[in-house]
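One structure is given here, and the rest of the page talks about it.
The values are calculated or read from the model by the stated rules, or taken from the named source; none is laboratory data. Note that the structure is a prediction, hence the values are computed from the model and not measured. Note that we place each Cβ from the backbone using ideal geometry, even for glycine, and neighbour counts take in every protein chain shown. For the accessible areas, the whole protein counts, side chains as well, though only heavy atoms, and no ligand, DNA or RNA atoms are used. Shrake-Rupley method; radii C 1.70, N 1.55, O 1.52, S 1.80 Å.
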Amino acid sequence: MSEEPNTVEPTPQATTWKLPDGIEDHLEAGVLKTAAGAVVGGLLGLALFRSGSGWRSASMAAGVGVGLGSTFQRTRPGMN
């Protein structure tokens, strides 16, 4: 029988890369604001645009846009 040579897998190097401090708060706020914007926009679209024809989806999209825009404004450097 022939034996295979012992192969040693390289160990992963420890990385020094990490997310900036406080970014988790911004990400969490962005997800919550976007979800809330979609829900409120959808409910508003349901109440105001009963005929449908894309207005409900447009209201939800507007809510998502407001949530993302608010998050972008919050995360801009130098703006607190």
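Overview of values
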| quantity | calculated |
| --- | --- |
| Enumeration of residues in segment 44-73 that are surrounded by fewer than 17 Cβ atoms within 10 Å (Cβ to Cβ) and polar (S, T, N, Q) | SER51, SER53, SER57, SER70, GLN73 |
| Meets criteria (surrounded by 10 or more Cβ atoms within 10 Å (Cβ to Cβ) and either under 22 Å from GLN73 (Cβ atoms) or modelled with pLDDT of 80 or more (or both)) for GLY41 | yes |
| Among the residues listed as GLU24, GLU28, GLU9, the single one being among the charged types (D, E, K, R), open to solvent by 90 Å² or more (accessible area, probe 1.4 Å) and modelled with pLDDT under 75 | GLU9 |
